[in-house]
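Single-structure report; data block below.
Every read-out reported here was derived from the displayed coordinates using simple, explicitly stated rules and does not represent laboratory data. What you are looking at is a predicted structure, and each value in this text was computed from that prediction instead of being measured. Every residue, glycine among them, receives a Cβ derived from its backbone with ideal geometry; neighbour counts consider all protein chains shown.
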Amino acid sequence: MRNRSRLGTRLAGGLTAGLATLLLAGCGGSDDAPAAAASAPAASSAASSAASSSAAPSSESRTGAQVAADAADALEAAGAVHVTGTFGTGAEAQGVDLQLQGEDVSGTIDLGGQQVELLTLAGVTYFKAPAGFWETSGAPAESAAQLAGKWVLVPEEEAAGLDELTLGGLADELRSPSDGAIEDAVTTEQLDGQDVLVLSQVGGSKLYVASGDPAYPLKTVTGDAEPETLTLDGFGESMTLTAPTDAIDLAQAGA
């Protein structure tokens, strides 16, 4: 695999450039966010969690931006969260099922039926993907076969594209959405049988926040016809993450 370093850098760069957008756009409400249908059952059930269709005025004295800031603070204080997301349908479907804790990330990204495992630990990022994913990304069949099902160490300069794909990055996006300001008005709805505060974003996106304390962010919904969703749970529940010992280092695997 003489071209592994050069090829792997290109492929890893393309993937890292999109992953943070895939997750954070769900919170920021970008209309250009990729579509997805998460492969994990948890993601499917989370996406189907229904909020009541009728919103009621809230007695909440805080503005929407203040509630969002408090939700971001609660998320950071929790230190860990499980995030599932669904974006789009059919062949363009994509999804995420990720554990975010501190600066570390672990989980899967479903890109049109190709499941990519992701691990960022102590500032080092690894991918694991099937041969079909690498071939679709432009790898020759021989190279794809050698990378298939193996942990691959992502070059540091390419992994920089995932800097915002952390718990802190998600909190920052809640405070200051990258696409559309949060409206002042706060309403209430029911989510899974519980009263929640609902924040609306210019463009129609919504953020559902627990009405009690802690004011955890529970769900985001972008779009109406084919909603893109992110569901957050498992606040404060950390996992033990271990770096792979046999990862392929693309930076040292050949010219």
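Apply 1/(1 + (r/R0)^6) to the Cβ-Cβ distance of VAL124 and SER178, taking R0 = 35 Å, and write down the FRET efficiency to the nearest 0.05. Display every interim value, and only then the final one.
Details: r = 26 Å, r/R0 = 0.75.
For VAL124 and SER178, the calculated efficiency is 0.85.
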Partners for LYS219 among lysines (Cα-Cα distance below 16 Å; same-chain residues under 8 apart left out)
LYS206
Give me the distance in nm between label points sitting 7 Å out from Cα along the Cα-to-Cβ direction at THR242 and GLU103, one decimal.
2.3 nm
Give the lysines reachable from LYS150 as a straight Cα distance under 18 Å; neighbours fewer than 8 places away on the same chain don't count.
LYS128
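What net charge do the residues around GLY168 carry, taking every other residue with its C-beta under 9 Å from that of GLY168, with Lys and Arg at +1 and Asp and Glu at -1? Show your work: numbers first, answer last.
Working: positive: none; negative: GLU76, GLU103, GLU164, ASP172.
After counting each charged neighbour, the total is -4.
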In nanometres, what is the gap between the two model label sites at ASP233 and ASP249, each 7 Å from Cα along Cα-to-Cβ?
4.0 nm
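Give me the extension gain from THR136 to LYS150: residue separation times 0.36 nm, minus the current Cα-Cα distance, reported in nm with one decimal.
Working: separation 14, 0.36 × 14 = 5.04 nm, distance 1.66 nm.
Result for the pair: 3.4 nm of gain on full extension.
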